[in-house]
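Asks: My questions will all concern the structure given below.
The values are calculated or read from the model by the stated rules, or taken from the named source; none is laboratory data. Please read these numbers as outputs of a predicted model, since none were measured by experiment. Using ideal geometry, Cβ is built from the backbone for each residue, glycine included, and neighbour counts are taken over all protein chains shown. All accessible areas refer to the heavy atoms of the entire protein, side chains included, with ligands and DNA or RNA removed. Shrake-Rupley method; radii C 1.70, N 1.55, O 1.52, S 1.80 Å.
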Amino acid sequence: MSDEALQRPRPAGRKSRLQSLRNDSPLLLLALPGVIVLILFAYLPMSGLILVFKNYNYNGGIFGSPWAGFDNFDFFFSSMDSAIRATRNTVMLNVLYMLSGTIFSVAIAVILNELRSKSFIKITQSVMFFPYFISWIVIGAILFSLLDFDKGLINRLFGTFGMAPVDWYSDPWMFVVILVAANIWKSAGYGAIIYYAVLQGIDTAYYEAARIDGASRIQLMTRITLPLLIPSIILLSLLSIGGMLKGDLSMIMGVTFLNPLLLPTTDIIDVYVYRTAIRSGEFGFASAITLYQSVFGFLLVLVANKLAGWYDKESKLF
């Protein structure tokens, strides 16, 4: 036998694999609950995708209902105007949510990172985190008390200054701004805490070296803080892109009350499905649109991940 054959590493045998399992058993046990939850709530429900191709009825159930082929998709795409409007509104609102939320979250995190009072930072974090747990129904009630045409606080203030009241609930494009502002108020604090945690992991030696070179606080933020945040921004953006075609039905219902005057901009895919399918019991159609959203979102993630890889290979998800 040659020296090269003797020096060639042998493939790992069964004993070595069992030994590695024993060594990693604590980590595997820690991961086991998450894996079980993932299987129960993510993979097992995928068997219900058969409903997409069924003409569902209560007597037959999911597996006993007659086959419908692609008729459930035809129901959505046959009315192209409604389908295009719902898709456009969903993408438009989600892009605005993602951009505005990222900008405000990063800005708040950078400001917190520049503060020196630890007690003030803790109080500020708690106050910012609180809106994340408030339901959209409560937020909708608060907005209604502010924006109501007759009794709203804002229109009353307008009246004291001799200004005409504004019918906020009849202007669909104005409500895009209101929805974006409400989303920022609810979620920017949560995102800021994530980015602030990332900033706490940055080595302080970078800042000390820059201060020695005479860098100002603005230069520290623009040359060190923000560039080191970019990988985290890309990662969270990639995770958000996967749900680009999934709207927040509870948000639209809680804030707009499904006002028909606002549907030109608030009729997202989830609202359209709720209005046309869920109310009438067309679960096959609703499942077909959900599959359409998931597949389209998966393709968006693949494209965005590829673009992120061109910018920075370390920022890719996979």
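Asks: If you average the C-alpha positions of the stretch 271-289 and of the stretch 172-240 separately, how far apart do those two centres end up, in angstrom?
Replies: 39
Asks: Return the calculated 222 nm mean residue ellipticity for the chain, to the nearest 500 deg cm²/dmol, obtained by summing -39500 (n - 2.57) across DSSP H runs with n ≥ 4 and dividing by the residue count.
Replies: -21000 deg cm²/dmol
Asks: Residues with amide H under 5 Å of residue 54's amide H, sequence separation 5 or more or different chain, H placed in the peptide plane at 1.01 Å from N; which?
Replies: 68
Asks: List the aspartates and glutamates whose Cα sits under 16 Å from the Cα of residue 246, skipping any in the same chain fewer than 8 residues away.
Replies: Cross-link targets: 267, 270.
Asks: With a point put 7 Å past each Cα toward its Cβ, work out how far residue 43 is from residue 84 in nm, to one decimal.
Replies: 4.2
Asks: So I have [x] 16.2; [y] 29.0; [z] 37.5, and one of them is mean projected area of the Cα convex hull in nm² calculated from this model. Which one is it?
Replies: From the options [x] 16.2; [y] 29.0; [z] 37.5, the structure gives [y].
Asks: Decide, for the stretch 131-255, between rounded, prolate and oblate: order the square roots of the alpha carbon gyration tensor eigenvalues as a ≥ b ≥ c, take rounded if a/c falls under 1.5, and otherwise choose prolate if a/b is larger than b/c, else oblate. Before the final figure, lay out each step's value.
Replies: Values: a/c = 3.31, a/b = 1.97, b/c = 1.68.
Verdict is prolate for the stretch 131-255.
Asks: Another one. GNM on the chain, C-alpha springs below 10 Å: top fluctuator among 205, 141, 188?
Replies: Fluctuation is largest for 205.
Asks: Of the heavy-atom accessible surface of the chain (probe 1.4 angstrom), what whole percent is carbon and sulfur?
Replies: 68
Asks: Something else now. Determine, from the Cβ-Cβ distance of residue 30 and residue 115 and an R0 of 35 Å, the FRET efficiency 1/(1 + (r/R0)^6), rounded to the nearest 0.05.
Replies: On the way: r = 35 Å, r/R0 = 1.01.
Step by step, r from the Cβ atoms, then E = 0.50.
Asks: Next question. Solvent-accessible area per residue for the chain at a 1.4 Å probe radius, Å²?
Replies: Values: 19680 Å² over 318 residues.
Value for the chain: 62 Å² per residue.
Asks: Just tell me, in residue order, which DSSP H segments of the chain are both 20 angstrom or longer along the helix axis (alpha-carbon based) and at least 0.5 in mean Kyte-Doolittle hydropathy.
Replies: Membrane-span-like by this criterion, though nothing is claimed about a membrane: 80-114, 172-200, 226-241, 283-311.
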